Amino acid sequence: MNYREAMEYIEQLKPLGSVMGLESIRSLCRRLGNPQNRLKFVHIAGTNGKGSVLSYISTVLQAAGYKVGRYISPAVLDYRERFQVDGRMITQSGLCKYLEAVRKAAQEMVEAGETHPTLFEVETAAAFLYFLDKGCDIVVLETGLGGSLDATNVIDTTVAAVFTSISMDHMEILGESLEQIALAKAGIIKNKCYVISAKQQPEVMKVLRQAAAFRRAKFFTADAAKAKHVKSGVTKQHFSYDKYKNLEISMLGQFQIENAVVAVETITMLGRCGFPVPEEKLREGMMQAKWPGRFQVIGKKPFFIADGAHNEDAARKLVESIRFYYPDRKIIFIMGMLRDKEYDKVIRITFALAKHIITVTPPIRERALSAYELAQAAGEYHDSVTVADSVQEAVEIAYLLAGEDKDTVIIAFGSLSYLGELMNIVEHRDTIRRDSHGRSEQN
């Protein structure tokens, strides 16, 4: 299998969709020798913030000298981002090697009369093989969807189960109430592991605590309200938490304080179970941690922000950050949403901040809400909406509307699936602008 064939194989599996349950992934891993049983995990579930918390924890552990595997979804800039060791994504040849092994095992399942594993199950099994082969001391992974029936929950050697903010999302699969959603996510708690959760709604906290007690797991709350001396700038943020004074993080957005507190609490607990981290390494890792597409500044003239807000809770946090960082600015939105998300609620929460809204169609064909349909929905609330035929056109329109106005801020948000392309377009545009500016100065 070469890299082109690997990408073709992935495309072939996409129509299989998402199937909740562990029977298939267990059969697949069993045929591969159950590599997950020889690894240790920090398992992260939640509605928003999983990726950021994963980045903080894994970067701190790496700074402390541990070999750390990362398993994330979805990727933003490159498919191979899903599989990382010490912050470096898997090589093309490495991906081919592990996908080939998993493909053979999947074919054996089909020949035995079993259903072919889904793409996410194939990716998850490949990740386990990769992390074991690389000799990872610990793997930090986030659930794909939910918790108890998510393919990542095939693992039994969880050291810490971590919960970021839990809110309403994927109700058609996880349940129609917060309690049902929390119960699905609580399934990642394993016997006698450590459980660390952000401060949640009371009904969510009750579910998580009961699940931890049932598993005889030690439960800890990471309460962002206990973060003191918070200072937020346009390049970094400062805060103090517990015994750690004046910690620094480079990820922006007020919600990042909550994510950072969850990570600090998790690192503290990991020190009790064989993964101690010196304070200076914790500080180093927290500052170095980055995560694409989370209130990320991708351009500065004008300011251009990319954010993966795609549900109600994330939209509210995005609004808080816009009001905090850019009060009284003219805001231009670029929006791209998936059909199975609460896009109408996202529009209702955010539209009042926008001077103009530009809509795009995400690249996930089977789930994408078309730019035209999104524009129709946005038009119910806002009288200045433009449909873009492509992400490239959306960026060009946004810059044209911004003009030379230094008070304008462009904010692209919604599905992460289109933000990678958008970020590349903005970076390429800025590179050309800098080069032309440099040449004009030389002349």
Condition met for V277 (modelled with pLDDT of 90 or more, under 19 Å from S197 (Cβ atoms) and hydrophobic (A, V, I, L, M, F, W, C)):
no
Residues satisfying the stated conditions in the range 199-234, i.e. closer than 19 Å to M269 by Cα and of a type in the set (F, W, Y)
F219, F220
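Looking for whichever is at pLDDT below 95, under 30 Å from A263 (Cα atoms) and out of contact with any Ser or Thr (no Cβ under 6 Å at 6 or more places or on another chain) here; the options are S58, S73. Which one fits?
The match here is S73.
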Output the qualifying pairs, or none if there are none: Cβ atoms under 6 angstrom, residues six or more apart or on different chains, first residue in the range 299-328 and among the charged types (D, E, K, R), second residue open to solvent by 50 Å² or more (accessible area, probe 1.4 Å) and part of a helix (DSSP H, G or I).
E312/K345
Being on the phi > 0 side of the Ramachandran plot and touching a helix residue (DSSP H, G or I) at 6+ places or on another chain (Cβ under 9 Å): is that true of F333 here?
no
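Test of understanding: among A225, A211, which residue is farther than 21 Å from Y56 by Cβ and in a helix (DSSP H, G or I)? Spell out how you get there, then give the answer.
Numbers: A225 fails: farther than 21 Å from Y56 by Cβ.
On inspection, the qualifying residue turns out to be A211.
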Can you tell which of A184, A212 is of a type in the set (A, V, I, L, M) and modelled with pLDDT under 95?
A184
Report every pair of residues separated by at least 6 positions or lying on different chains whose Cβ atoms are under 8 Å apart, first residue within the range 386-415 and within 22 Å of R294 (Cα to Cα) and open to solvent by 60 Å² or more (accessible area, probe 1.4 Å), second among the acidic types (D, E) and in a loop (DSSP other than H, G, I, E, B).
D407/D328
Since I173 meets every condition but one in (1) open to solvent by 40 Å² or more (accessible area, probe 1.4 Å); (2) at pLDDT 95 or above; (3) among the β-branched types (V, I, T), which condition does it not meet?
(2)
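Does K218 satisfy being in contact with a strand residue (DSSP E or B) (Cβ under 9 Å, 6 or more places away or on another chain) and without any contact (Cβ under 8 Å) to a residue 60 or more places away in the chain?
yes
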Residue set I188, I196, I155, I90; condition in contact with a Lys or Arg (Cβ under 6 Å, 6 or more places away or on another chain) and either open to solvent by 10 Å² or more (accessible area, probe 1.4 Å) or not aromatic (F, W, Y) (or both); output residue I90
Test for R323: is it more than 24 Å from Y79 (Cα to Cα) and of a type outside the set (A, V, I, L, M, F, W, C):
yes
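For the subset of the range 55-109 comprising residues that are assigned to a helix (DSSP H, G or I) and hydroxyl-bearing (S, T, Y), which member is nearest to E11 (Cα to Cα)? Talk me through it step by step, then tell me what you get.
Here is the first cut: in the range 55-109, the residues assigned to a helix (DSSP H, G or I) are 55-63, 79-82, 92-109.
If we keep only those that are hydroxyl-bearing (S, T, Y) as well, we get 55-56, 58-59, 79, 93, 98.
Working: S55: 27, Y56: 31, S58: 29, T59: 31, Y79: 12, S93: 18, Y98: 16 Å.
Looking at the filtered set, the residue picked out is Y79.
Those residues that are of a type outside the set (V, I, T) and in a helix (DSSP H, G or I), I need them from the range 260-279; list them, please.
Taking the range 260-279 first, the residues of a type outside the set (V, I, T) are 260, 263, 265, 269-276, 278-279.
A260, A263, E265, M269, L270, G271, R272, C273, E279, listed by residue number.
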Residues in the range 39-67 that are closer than 20 Å to V154 by Cβ, within 17 Å of the chain's Cα centre (by Cα) and open to solvent by 10 Å² or more (accessible area, probe 1.4 Å) total 1
In the range 261-298, what residues are touching a residue at least 12 places away in the same chain (Cβ under 8 Å) and acidic (D, E)?
E265, E279, E284
Which members of the range 128-163 meet the condition of being more than 19 Å from T268 (Cα to Cα), of a type outside the set (S, T, N, Q) and assigned to a loop (DSSP other than H, G, I, E, B)?
K134, G135, C136, G144, L145, G146, G147, L149, D150, I155, D156
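The values are calculated or read from the model by the stated rules, or taken from the named source; none is laboratory data. Only a predicted model underlies this, so the values are computations on that prediction, with no experimental measurement involved. In this analysis, Cβ positions are derived from the backbone assuming ideal geometry, glycine residues included, and neighbour counts consider all displayed protein chains. Just the protein is used for accessible areas: all its heavy atoms, side chains included, with ligands, DNA and RNA removed. Shrake-Rupley method; radii C 1.70, N 1.55, O 1.52, S 1.80 Å.
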